[in-house]
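Undergrad: One structure, pasted below without further comment.
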Amino acid sequence: MFDNLKIVWHQGKQFIPDVVAEVVPGIFRGRPIISLAKVNEDKLVELCPTGAISKAPCSINLGKCTFCGECAIQFPEKIAFTKDNKLSTNQLDRLIIKEGEDSPIVLNPAKIRAEIRKTFGNSLKLRSVSAGGDNSCEWELTASNNVQFDMSRFGIDFVASPRHADGIVITGPITENMAEPLQRCYNAIPEPKIIILAGTDAISGGIFADSPAIDRSFLSKYPVDLYIAGNPVHPLTFINGVLELTRSKYMKK
């Protein structure tokens, strides 16, 4: 017991006490800000490998953005990435950042199904499906339940079987060979259930959007409850997004 107390004394708390207020250190790129500075927008648009940047007015679609940061490197007077890790919404157009605007990305309360907060407000079990992902988002989702982020303290966990799950978290662009397994997984989850898309590849297909090897027809069949931007998704981004979806009281803390 005394050894444990000494560790706490010397190292402090190993978990993040307040995931809502925590700022991500290091080189993390969060929500970008686009200034009204005049630049060559044609060259700016050409820089983006996924077509996330549009002109007139200049905007960035975070559902397509790979967060490579090249736009901010080449045009620092126009684009800057902040440390804001809250990149989740339930309305796709809210992932479009426009020039001259500096507003947080939030969910549309009117689009949150009533049964979500009624049923999953205190406990949420999720089945993670890597639908052709490159393991980057999958690693971050795994990290969301380590000792630092400790997602389980909110009653949010990943489970091994879809029959024990309340919804699915999809990572990856959804390849042809994962389309049927994804459908089977979804069918095995009891009602009510939710769908979360985590990462650029899941939201838009990312750099694979035009590939003939992907099959995203699953997404046209069901409503998506949460889009979590990032490439990959940071654990704090994931946790904050799920908390905002399932329990508004915590997010208003």
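The values are calculated or read from the model by the stated rules, or taken from the named source; none is laboratory data. Remember, it's a predicted structure, so these values are computed and weren't measured experimentally. Here Cβ is always computed from backbone atoms with ideal geometry, including for glycine, and neighbour counts include all displayed protein chains.
Undergrad: Being over 19 Å from Tyr227 (Cα atoms), among the aliphatic types (A, V, I, L, M) and assigned to a helix (DSSP H, G or I) is the filter here; which residues of region 148-178 pass it?
TA: Within region 148-178, just Met178 meets the criteria.
Undergrad: Would you please name the residue that is surrounded by the fewest Cβ atoms within 10 Å (Cβ to Cβ), looking only at residues in region 205-249 that are among the basic types (Lys, Arg) and assigned to a loop (DSSP other than H, G, I, E, B)?
TA: Lys221
Undergrad: Name the pairs whose Cβ atoms lie under 8 Å apart, with the first residue in region 205-222 and charged (D, E, K, R), the second assigned to a helix (DSSP H, G or I) and exposed (fewer than 15 other Cβ atoms within 10 Å of the Cβ), and 6 or more positions between them or separate chains?
TA: Cβ pairs passing all conditions: Asp215/Glu176.
Undergrad: Moving to a separate point now. Of all residues being among the small types (Gly, Ala, Ser) and under 18 Å from the mean Cα position of the chain (by Cα) in region 11-54, which is nearest to Asn231 (Cα to Cα)? Just the residue, please.
TA: Looking at the filtered set, the residue picked out is Gly30.
Undergrad: Residues in region 24-61 that are assigned to a strand (DSSP E or B) and farther than 21 Å from Ile207 by Cβ: how many?
TA: Here the count works out to 2.
Undergrad: While we're on this one: Residues in region 173-189: is at least one more than 29 Å from Gly51 (Cβ to Cβ), at pLDDT 95 or above and touching a Cys at 6+ places or on another chain (Cβ under 6 Å)?
TA: Taking every residue of region 173-189 in turn, none turns out to be more than 29 Å from Gly51 (Cβ to Cβ), at pLDDT 95 or above and touching a Cys at 6+ places or on another chain (Cβ under 6 Å).
Undergrad: Also: For region 55-84, which residues satisfy the criterion of being under 23 Å from the mean Cα position of the chain (by Cα), over 12 Å from Lys38 (Cα atoms) and of a type in the set (Val, Ile, Thr)?
TA: Ile60, Thr66, Thr82
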